[in-house]
Amino acid sequence: MELFFLLLLVLLMATALASGFPVAFSLPGSAILAITIAGVVGWLVAGDSGAYFAQDGPIEWLTAGVTNFRGIYWEVERDTLIAIPLFVFMGIMLQRSKIAEDLLVKMAQLFGPIPGGLGISVVFVGALLAATTGIVGATVVAMGLISLPAMLRNNYSKPLATGTIAASGTLGQIIPPSIVLIILADQLASAADQASTLRQQEYKEATGAFNIPSEFDVGSTSAGDMFLGAFLPGLVLVGLYMVFILGFAFLRPKQAPAVHYDGKFDGQFWISVLLSLVPPLALIFAVLGSILLGIATVNQAGAIGAAGATIMAGYRLMDGRKGAYYPAILAVISLAAIMVLLQFFDLNIKSIDNSRDMVGIALAIVAVAAFLTSIVWSGWRTFKLEDTLRGVMIDTAKTTSMVFIILLGAAMLTAAFRAFGGEELVREFLTGLPGGFWAQFFVVMAVIFILGFFLDFIEIAVVVVPIVAPILLADPSANVTAVWLGVMIGLNIQTSFLTPPFGFALFYLRGVAPAAVKTLEMYRGVVAFISLQLIALVIVAFAPPLVNYLPQRTYLTSEVAPPPLNPRLQACIEDYLAVYYDENGDQLRSAISSVRQLDYAGLPAEVRETLQESFDSAETALSTLDEVKAAEAELRAYEPDYRPLHREVRALQADVRKLQARIDQEKQRINRYRRDERFGESDIAKVEEEIDELMALQEEDKAAIPDEWESAHETYKGLLAEKNKARGTYRRLVDQSYDELVEVIASIGSADGLAAVRPQIEALPQALQQQPPAEAEETIQDVERTLRDIEGTNDIRKPLSRARRALEDNDIEEAGVKLAEALDLFAMELSWRQQAKDGVYADLVAYEETIRNSIGLRKQSRLPRDIALDVAACQSVHRDISLEF
């Protein structure tokens, strides 16, 4: 019966959408009707409103709906969606102020003399508008009104012209900032959490361990990561469009001819080009650059874009009038002043120390006030001129409201889909496909592509993604990142704007295209660009670094980068070090040998012993990494034969667990029947027969497990244990080597600090004689606090602490003895440190610098930039970790 109500849910939704009922109400309405009908039928027939629900019941569904509502609108941590109205405002403001129109005209004049140049200019402007507006309808309409007549007048092929405009207008869906990417990031963040739970459960069932290692867990994503990940694939798509147009113009020059500009390419022309091109490029850099450089979050970048669009609209609406550029000039000057002040002053109000800081803060306040004045000034112009601001605000409110209502409705629909067991059906179907992850992925991409013929991008993103994304992300055989999956889905969803019969870009273009352009010609025109989008999809699928590299690079080089000790980084760091040791191992061994031969006679025996242990550990670590490589090679050599067996057995074991879950469900059904008088022994007997059949199937699966599985699995576990043991030994040795070295260097380097404490510590015996015990105790404690900040003074602090405790017991004599002991230890520590400072200290520091980014890399606070880039490239590749499960 659950399947019946699941089909009813899908039928209700399809009927509502096909009838033209608004999406925002079709999704939640279908869910509410299906849930209500199932609950009422269950109550009437079975006496239980939850009888026909695979998970929970109508009351639990309502509770989940309230939770989803709160999650979308009130959770402070889920603030990604705040960026949507900001970017929508930015795009509509640029479109209504005709800045996009100016850009299109100038680029057409600039690229026109090249064969296919008008088409290239449309793609170029489409990419720029995608990075500034991201509004498909506005972009397609603007380019259709301006470029299409020019292309037709110059004998451009109608299919090529309309296809170019329609496809270029959709670039805003994949080139950041994009509403699609923001919505996908929001959906994938939740999907990643579910996938993490699924993977942890799978790891526990396969290995028996309760906690999954963090390097095997599913990573989440954010809107910023999605923007970074989509940047290069967006450029790939732009490049494919341009190459196609150039190739078309080369093969059929009469259908994409060069169009020469009637005017002159003089200084005035280039000034007009700069005025049209530089402001949008500056805005793109301000918005995307602030995200790429880690200066601003996506929400903050959205605010930057909205403010920048308002300033640009302020001068465009005053075009040709006196003082049109005054607010923009004021904004540029104030921003330049702020950047200069940041170079010369610390503008953190909390860290004001002197009058110079006060001057810097005062100047910064003036600059900020000037910038705010420019924004208010520009905003006033947009308010007064052509009623622009009012129109932008109304359109922004409409678009944002639509997105948020659809999100809420989709959450209700998804909850209903899960309540009827739909998610489990999808999971069983996908996981049952031969071919593993890639077969599942291909099916999902094909379904999304087909849905794009009928549904809008938002509907696909908020309905399909929450269902299929957790399944794909949880699969350890591909171990794909949420960013990569999101960009792949985004590229696929982009085709929904071009695929007939409901391609929205085609509708927008049809509305402004002349009657001479037939709809069939428009359909023919977009076929090539749909094919190019699919080619881009294949390129990104087989080149994941195109997506993963920029997010990884930005993260690992940012201020919040994880330390090299992070477990997720270890495999890539050790891959890097293996190459480094091969190239520089002899130099490292020479450095160790040289530092061994220094004269350490003046150092205490335990310090000499510590240094020798450090040097021994460093030498051993270098050879141990060779053992790691050998163990890994042996493991990799075994994997090809073991992998098919592992996949077969894990699939059988998964079937056994699924059958056990069904058996448990049937047993619960029997218990329910026994409590309900409407069911008799015959009904219970039928269920027991079903249980027997399921148990028989379970035994068949267990018997199908090959006899060699146990021995093969034990062999693999043994090889894996050897590899992990070798890695663990290497990590312990390098950590021990570097920690011991740094500890000694810090102790020697603290000689001056220790010498500065001498007056205080030498005055303690006199304080003991002259001060009351309570005051003397406080004086000793002050010295202890000072010594606590000096490396390697623990031995001195111990007798001081005992002296304090003796004073608490009024044992003055014992306190004096302990003070004398502390003074002797202090004199000894100070002596050897000062001697070492003048002797071996410089050589030890030089040795530490030599091994810092190799043997000592794990103990650094962050990765050096060059190593971070290497690790980012390594992390960008997906790795199969299924054999760990």
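What to note about this one:
- Protection proxy ranking of 647-655, 340-348, 490-498, by the mean of other Cβ atoms within 10 Å over each peptide's residues and highest first, is 490-498, 647-655, 340-348.
- Gained length - MET828 relative to ALA704, 0.36 nm times residue gap less alpha-carbon distance: 37.2 nm
- In this structure the range 516-666 gives 49 Å² per residue of accessible area when probed at 1.4 Å with all protein chains present.
- The accessible area of SER355, taken with all protein chains in place and a 1.4 Å probe, comes to roughly 90 Å².
- Spin-label model, ARG510 to ASN853: label points 7 Å out along the Cα-to-beta-carbon direction sit 6.0 nm apart.
- Relative to the Cα centre, the charge distribution of the chain, modelled as +1 at Lys and Arg Cβ and -1 at Asp and Glu Cβ, gives a dipole magnitude of about 5420 debye.
- ASP676/PHE429 FRET efficiency (R0 35 Å; Cβ-Cβ; nearest 0.05): 0.60
- Computed with a 1.4 Å probe over protein heavy atoms only, the accessible area of PHE454 comes to about 120 Å².
- Among the protein heavy atoms, those of ARG804 account for about 40 Å² of accessible surface (1.4 Å probe, every chain in place).
- In the chain, the alpha-carbon atoms span a convex hull of 261 Å³ per residue.
- Label zone of ALA209 (point 7 Å out along Cα→Cβ, amide N under 18 Å): in the range 869-885 this covers 879-885.
- PHE250-ARG879 FRET efficiency (beta carbon distance; Förster radius 45 Å; 0.05 resolution): 0.60
- Surface share of carbon and sulfur [accessible, 1.4 angstrom probe, percent] for the range 307-373: 70 percent
- Rounded FRET efficiency, nearest 0.05, which uses the C-beta distance separating PHE25 from GLU559 and R0 of 51 Å: 0.70
- Among 750-756, 402-408, sorting by the average number of other beta carbon atoms lying within 10 angstrom of each residue, highest first, gives 402-408, 750-756.
- Placing +1 on the Cβ of every Lys and Arg and -1 on the Cβ of every Asp and Glu, with nothing else charged, gives the range 279-369 a dipole about its Cα centre of roughly 300 debye.
- Accessible area of the range 452-566 belonging to carbon and sulfur atoms, whole % at 1.4 Å probe: 72 percent
- Point-to-point label distance, PHE442-ALA605, nm (Cα→Cβ direction, 7 Å offset): 7.2 nm
- Spin-label model, ARG662 to GLU814: label points 7 Å out along the Cα-to-beta-carbon direction sit 7.6 nm apart.
- Segment PHE216-GLN570, extension gain: residue separation times 0.36 nm, minus the distance between their alpha carbons: 126.2 nm
- Net charge contributed by nearby residues that have their C-beta within less than 11 Å of VAL125 (K/R +1, D/E -1): -1
- Extension reserve of the ARG356-VAL332 stretch, reckoned as 0.36 nm per residue once the Cα distance is removed: 6.1 nm
- Rounded to the nearest 500, the 222 nm mean residue ellipticity of the chain from helices alone is -25500 deg cm²/dmol, with -39,500 (n - 2.57) taken per DSSP H run of at least 4 residues.
- A straight Cα-to-Cα reach below 20 Å connects LYS158 with the lysines LYS254, LYS518, residues fewer than 8 places away in its own chain not being considered.
- For the range 440-506, the per residue solvent-accessible surface stands at 21 Å², with DNA, RNA and ligands left out and a 1.4 Å probe.
The values are calculated or read from the model by the stated rules, or taken from the named source; none is laboratory data. The shown structure was predicted, so the numbers you read here are calculated from the model rather than taken from an experiment. All Cβ positions, even for glycine, are placed from backbone atoms using ideal geometry, and neighbour counts span all protein chains on display. These accessible areas exclude ligands, DNA and RNA; they are computed on the full protein's heavy atoms, side chains included. Shrake-Rupley method; radii C 1.70, N 1.55, O 1.52, S 1.80 Å.
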